[in-house]
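Participant: Take a look at this one; I'll ask things after.
The values are calculated or read from the model by the stated rules, or taken from the named source; none is laboratory data. Please read these numbers as outputs of a predicted model, since none were measured by experiment. Reconstructed Cβ throughout: ideal geometry from the backbone, glycine too, with neighbour counts over all protein chains shown. Keep in mind that these areas ignore ligands, DNA and RNA; they rest on the heavy atoms of the full protein, side chains included. Shrake-Rupley method; radii C 1.70, N 1.55, O 1.52, S 1.80 Å.
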Amino acid sequence: MKSLRDEWTYLVHSKYPIIAIIFPLIAVLGYSLLLPSSQINEANVVVVDQDNTAYSREFIQKIDASPNMNVAEVVSYSDNPEQYFYHEKFLAVISLPKGLEANHNRSLSSRVGLILDNTNVQSITLIRTAMQEISVSENMGLSVPAIMKTGMNAEQAQGALNGIALEVRSLFNPTNDYQNTSVLAFTCMFSFMMLNINSLPLIARLRVSRRLAAELQNPFNILLRILPYTLFSTAGLIFSLGVLKMFGGSRFEANPVLFIIPVVLYVFGTVCLNILVAWGAAHPGVAIGRMVIVLMPAFVLSGAVLSRSLFPSLAIQIGDFFPFAWLYKFVRSMGLRGAPLQEMLPELGSLLLYVGVLSMLVIARALWEKQKLAKNATGDAPGMGAAHSAGPTSTPGGGISVQGGATVPIHEPIKG
């Protein structure tokens with residue numbers, strides 16, 4: 001009972017009761033806002049209309065009327081439909097063949113192409129279902145009047161019953177291999193977690209060891225301390241992705257040397273963000289405790305597990321404040337989809353600009369801290385110069401030196 005009472009007293013006087021109640025509520029509220037719906041509605045798709053007829057435009061309107069799809073762009077021709085997936089703006093490409101209207105009028109079959117981004121199966125399931133429903137509806141609307149007519153040959157009868165045959169291609173992960181989804185996501189997450197554990201206490205460690213003031217004489221020294229983290233974390237992540245590809249059968253199409261560029265920027269930006277988040281921590285333990293501020297939002301909003309298409313636009317914009325979300329953009333587009341570095345230059349430039357801003361914020365925070373320490377030192381200087389010993393001290397002449405006064409002689413008693 002004593003142990004129970006002792007532990008109870010400790011917990012009551014700590015912050016744990018509040019944390020135990022507040023954090024689950026924050027999680028419930030956060031995930032409720034992030035996931036307003038359990039399915040993806042109005043997913044952006046591209047339609048390649050090679051027929052460009054009244055019927056093809058009517059068919060596009062039916063696709064756009066589906067609650068699961070939004071026709072964001074219509075083009076007449078595309079020799080490389082994979083390029084529409086590189087920047088994560090579209091989830092599917094629908095190709096309408098030439099002669100669609102002519103085959104429809106003659107009750108002949110046409111093959112509509114449905115090209116899906118299979119890097120996240122959750123984001124495309126409803127698109128596949130919606131397209132199948134549209135094709136069945138079109139077939140029924142064509143076959144019922146046609147069958148009522150007489151004089152139809154076998155080919156026309158078959159075309160009437162199956163006027164539109166949907167051909168589906170699942171790109172980038174056709175076998176739904178977990179090596180390309182869950183295993184890859186948690187590999188990156190554990191690397192990210194280790195980086196946070198070791199870099200968050202950086203400033204607190206300098207403060208506890210009384211080296212922060214000397215380090216701030218040149219604020220760029222803080223940025224120099226980030227370089228070892230960048231080296232080891234980049235090497236570890238690239239090595240683990242290589243092992244996953246060689247021995248796990250993971251799909252990784254990017255050039256490893258070129259892929260180092262976004263990884264270096266991600267690591268450097270992450271450590272800069274960690275320094276800003278944990279700067280005021282009194283000791284390393286407090287700094288590590290702030291990892292929840294960085295780790296969970298970055299991992300959830302990166303799209304590593306949940307498709308970013310599920311999130312509202314505000315959540316996606318908040319996620320872009322975390323360099324880990326940028327890393328996973330490059331993992332999906334360059335690693336899984338095989339996008340060349342030239343295609344990713346807009347994202348690379350944005351990440352470079354963001355990391356530059358984080359670096360300047362670190363320098364500004366260091367300069368502010370340096371100025372504060374200088375003011376504190378100036379304020380303590382007068383008191384330190386006037387300080388004397390608190391008690392009286394003896395003098396060679398046998399007197400007592402009183403603080404702030406003259407020497408008082410001491411006479412020995414007269415012997416009689």
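Participant: Considering only protein heavy atoms and a 1.4 Å probe, what is the carbon-and-sulfur percentage of the accessible area of segment 35-107? Let's see the in-between values first.
Facilitator: Details: 1540 of 3630 Å².
Percent of accessible area from carbon and sulfur atoms in segment 35-107: 43.
Participant: With the cut-off at 1.5 for a/c, could you classify segment 227-324 from its C-alpha gyration tensor as rounded, prolate or oblate?
Facilitator: On the way: a/c = 2.12, a/b = 1.27, b/c = 1.67.
Oblate is the answer for segment 227-324, as a/c is 1.5 or above yet b/c matches or exceeds a/b.
Participant: Could you give the length gained by full extension between GLU42 and VAL183, i.e. 0.36 nm per residue of separation minus their alpha carbon distance, to one decimal place? Don't jump to the answer; show the numbers that get you there.
Facilitator: Working: separation 141, 0.36 × 141 = 50.76 nm, distance 2.88 nm.
In short, 47.9 nm is gained.
Participant: Once the Cβ-Cβ distance between ALA235 and ARG205 is put in as r, and R0 is 22 Å, what FRET efficiency do you end up with, to the nearest 0.05? Could you put the intermediate results ahead of the total?
Facilitator: Details: r = 22 Å, r/R0 = 1.02.
That pair, ALA235 with ARG205, gives E of 0.45.
Participant: To the nearest 10 square angstrom, how much accessible area does GLU133 have with a 1.4 angstrom probe?
Facilitator: GLU133 has an accessible surface of roughly 120 Å² with all protein chains in place.
Participant: Same structure, new question: Using a 1.4 Å probe, how large is the accessible area of ARG332, given in Å² and rounded to the nearest 10?
Facilitator: The accessible area comes out at roughly 20 Å².
Participant: Sticking with this structure for a sec: Give me a comma-separated list of calculated 3J(HN,Hα) values for segment 110-121, in order, Karplus coefficients 6.51, -1.76, 1.60 applied at θ = phi - 60°, integers in Hz, x for any Gly or Pro.
Facilitator: Rounded to whole hertz, the list is 10, 10, 9, x, 10, 10, 10, 8, 9, 5, 9, 4.
Participant: Another one. Can you sort TRP279, TRP8 by solvent-accessible area, 1.4 Å probe, largest first? It would help to have the intermediate numbers written out before the result.
Facilitator: Numbers: TRP279 5, TRP8 170 Å².
My answer, sorted largest first, is TRP8, TRP279.
Participant: To the nearest 0.05, how large is the calculated FRET efficiency for LEU353 and GLN132 if R₀ is 45 Å and r is the Cβ-Cβ distance? All intermediate terms of the calculation are to be shown ahead of the outcome.
Facilitator: Working: r = 43 Å, r/R0 = 0.96.
It comes to 0.55.
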